[in-house]
1. To the nearest hundred square angstrom, how large is the accessible surface buried between A and B, total for both chains, probe 1.4 angstrom?
2. With charges set only on the Cβ (+1 for Lys and Arg, -1 for Asp and Glu), what does the dipole of the protein assembly as shown come to about its Cα centre, in debye to the nearest 20?
3. Among the aspartates and glutamates, which fall within straight-line cross-link reach of residue A:107, defined as a Cα-Cα distance under 16 Å, with same-chain neighbours fewer than 8 residues apart omitted?
4. One quarter of the convex hull surface, Cα atoms only: what value does that give for segment B:108-166 in nm²?
5. Please report the antiparallel percentage of DSSP beta bridges with both residues in the protein assembly as shown, rounded to the nearest 5.
6. Which residue, chosen from A:198, B:61, A:336, occupies the Cα position most advanced towards the positive end of the dipole of the protein assembly as shown, where the dipole is computed from +1 (Lys, Arg) and -1 (Asp, Glu) charges on Cβ about the Cα centre?
7. If you project the alpha carbons of segment A:301-398 onto the principal axes, what extent comes out on each, in Å, largest first?
8. Once a ≥ b ≥ c are taken as the square roots of the eigenvalues of the Cα gyration tensor of segment B:28-243, is the result rounded (a/c under 1.5), prolate (a/b larger than b/c) or oblate (a/b not larger than b/c)?
Amino acid sequence: MPSFFQLLKKIIRTGVGRARMIMATLGLGIAMLLLLIAIQVHTDFDQLLHGRQNENESADFLVINKKITNEMMGQTGKSEFTDQEIADIQKQPFTQAFGFITSNQYKVTAAAPGDLHFYTDMFFESVPDAFIDVKNDEWKWSPGDNALPIILPNDFLNLYNFGFALSQDLPQISQETVKALPMKITISRGMLTQEFTGRIVGFSDRISSFLVPGTFMQWANEKFGSGQKTAPSRVIIKTKDPSNPVLVKYLDDKGYTTNQDKLKYSKTKLIVQTIVSVIGFFGLVLLLFALLVFSMFIQLVIASCKREIQLLVTLGTAPRQLQRYLMRQFVPLYIVIGILALLVVAGLQWMAAQELEKHDMIVSPLVSAGTICAALLVILLVYIVNRFNVRKYINAIS
Amino acid sequence: MVFQNGHGFFFAITNQTATLPCIRIPTYMQIQLENLVPVPLKDKILQRSSDIWNRQVTFTPGHFIKIKAPSGTGKTTLVHYLYHIRNDYTGAILVNGKPWPSYSKNNIADIRQKQVSVVFQDLRIFEQLSAQENIELKRIMMPQPSCTAEKIQEMAARLNVTHVLAQSGRTLSYGERQRIAIIRALVQPFEWLIMDEPFSHLDEDNAQRAASLIAEECKARKAGFILTDLDHDNRFEYDTLYNL
């Protein structure tokens, strides 16, 4: 004996709008594919920018200073940040943490030990410890200590090793050797001098400066400084996304500069975002059309079986039962389309991951949770819209 | 022992009341007509007297009711009003005290599945289904059918239509359609069976067989029926007779 729905199948024929149904299904499939690709590409790009495996150590910290122009030359005051400018930077949404870079107000000379005959004038700067990428137990100083820990920029050693040393026939020096060399540091102001044994404790990729601990800088500026507080000319900020177009625009507008290399993703990101948005937009428009065609298909099926549906209702079939029967004809279709679209995107993602890995760019070979959620959401949306249509047209004739 | 202290006494009393058998009077569906007048027949009906139109009528549950109606007096219209597939009338039809339009579509479907069954004059058989499927459709419309599939065979045998069960609805004669429609009306639970000239296409012998099956099924359910026909007949022991 056939079931009730099998009998209904003989009465309500859904074959009449086959062309429309194929169109709607195809539209839904393509729309879903475009939407899922847009979301997946967006996730992948985010992963490339912020993922731990792709993380560029210095990406999150920016040292900002004013651009030195010809007009400003000779007037140091013009490159300093005023209190308002500092407050303004601090309250920007992209600023997660903010620190001053304090410079020395005294003379510094460094001399190599023994008979290396190395002597130079130099400078020191200090930043709050939280901004330093060298984590080291020796990185501390308190008044009375003779040993002074120093952090050098990595670039400085590179400049020496590959620029200076090679051209001048001098030996190249490893990081370990530099760390092992004690330097004689002399700080002075007028006749007042004091000597320290400087020791390089690390090399920073993040801050291009000679760094000493903040405690030393404070102590030395008090003892050897002019006593006047000077405004900072370089500040450091921590930011979540250095490619944030808002940040780039802010720096441009204010005439500030930073390491441009760190901002290079900004433009790429803008382009990718635009392409992804356009794909997503087309996906949405197509989804809308697919829903429209589906709705026309449902209307056609119900209109073509109007007499049969009316008789069924007269005999006691609940509109609820008819809705359930009709939805049961459509729902497996969405689910199949959803799974197919997801499979295609998963395949593409896997291929993309393989391809990108060759270029040292790591993205997950699996589709993101967001993409799966989006697929479920689209299925849910189509279900709700179609259910609404079925109910509307059934109620209209029963 | 129980009666020796007050507490036990009361306890015994309450206990006894709780175990008293609960007497439930079955609440069968009430159908009342209140000054029912069909809009298209208004002038014609108000000129003559009728036992049904423009009166207060209460159909007693469980009664076999015959409404005799000459052609053109609104017989089929009344059946359609009672079954609520037309509502171009003034006045009201109260079902369990509530007018038909106050029921939702799903409520009405529920009533049509469990409380009211119908045999239309125009029979209304699905031509794309076989005779058997037409009956089966009605039987399994409810998630829990009230009778078995064998019962269909049994009733078909009594009405001499076993040989047409496998035939398509399209090829059935009117007499066969009428008997299939009667069986279809009897495979569901009901408290009222509404019939519009149910024997119009049957010979005397088949009409009598159908009538006795209907009477049996109604009695088994303690259900009543409302039957409309052109002439007087003695096929049932009617409780009430109306002239439309």
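The values are calculated or read from the model by the stated rules, or taken from the named source; none is laboratory data. These numbers come from a predicted model, not from an experiment. Glycine also receives a Cβ, built like all others from the backbone with ideal geometry; neighbour counts cover every protein chain displayed. Surface areas here come from the heavy atoms of the whole protein model, side chains and all, with no ligands, DNA or RNA. Shrake-Rupley method; radii C 1.70, N 1.55, O 1.52, S 1.80 Å.
1. 2000
2. Computed charge dipole of the protein assembly as shown: roughly 2500 debye.
3. Filter leaves A:121, A:125, A:195, A:222.
4. Computing the convex hull of the Cα atoms and averaging its projections yields 4.7 nm².
5. Among the beta bridges of the protein assembly as shown, antiparallel pairing accounts for roughly 65 percent.
6. Value: B:61.
7. 69, 18, 16
8. Prolate.
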